[in-house]
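Visitor: Structure in structure tokens, see below.
The values are calculated or read from the model by the stated rules, or taken from the named source; none is laboratory data. All values reported here derive from a predicted model rather than from experimental measurement. With ideal geometry, Cβ positions are generated from the backbone for all residues, glycine too; neighbour counts draw on all protein chains shown.
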Amino acid sequence: MQASLDQEKKADAGKLRWSLLTVQFNTALRCIARILCKGATKYPDPPRHQSWRTVEDAVRRYKDAFDRHADPFHEDIAHFLEYKKLNDFHILELSVSHDFKELHIDHMIVNLLFLRDLIYGQNRDVTIQRPKARKKPTNVVARTYSEVLLWLDLLGTNTSRKS
């Protein structure tokens with residue numbers, strides 16, 4: 001009863017709780033915002049805050065940018081794991097981008113945001129649909145004895161196993 005009275009005052013059941021993002025990831029969001037602000041200053045073509053949308057061959061180029069930042073990020077992960085073993089994080093130095101002086105993972109996130117918007121569209125929720133069930137294969141060549149047993153099970157013809 002209390003829950004329904006509460007919803008009469010403010011009907012927010014089932015709605016997005018943005019505070020889950022802004023409170024839990026405040027530092028990361030600040031870094032992402034800094035990169036976007038620096039980008040808007042570095043690439044001032046109108047509209048200033050969305051010049052990234054006008055890049056020619058944008059999907060390929062932002063995917064390439066993502067990959068360029070991924071290499072040093074993988075090194076950061078290796079360093080992190082090494083220092084974690086030593087339990088000595090105060091000497092951990094993470095690599096930053098040359099031009100913006102921000103962490104590579106934050107650049108990767110920005111590039112993913114651009115790619116998400118370019119590929120799936122602005123203001124569009126994408127629903128994940130389950131793939132259709134596959135038909136049982138009929139002409140398959142098995143490489144190992146366990147694969148033979150597996151295929152026989154799938155085809156319902158395995159009599160070698162006990163029930």
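For every residue, the table says whether it meets (1) at pLDDT below 90; (2) assigned to a helix (DSSP H, G or I).
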| position | (1), (2) |
| --- | --- |
| Arg61 | no, yes |
| Phe73 | no, yes |
| Leu81 | yes, yes |
| Leu94 | yes, no |
| Ile109 | no, yes |
| Leu113 | no, yes |
| Arg116 | no, yes |
| Asn123 | yes, no |
| Pro131 | yes, no |
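Visitor: On the given criteria, is Asp45 without any contact (Cβ under 8 Å) to a residue 12 or more places away in the chain and under 21 Å from Gly121 (Cβ atoms)?
Guide: On the way: without any contact (Cβ under 8 Å) to a residue 12 or more places away in the chain: yes; under 21 Å from Gly121 (Cβ atoms): no.
Here the answer is no, as Asp45 does not meet what is asked.
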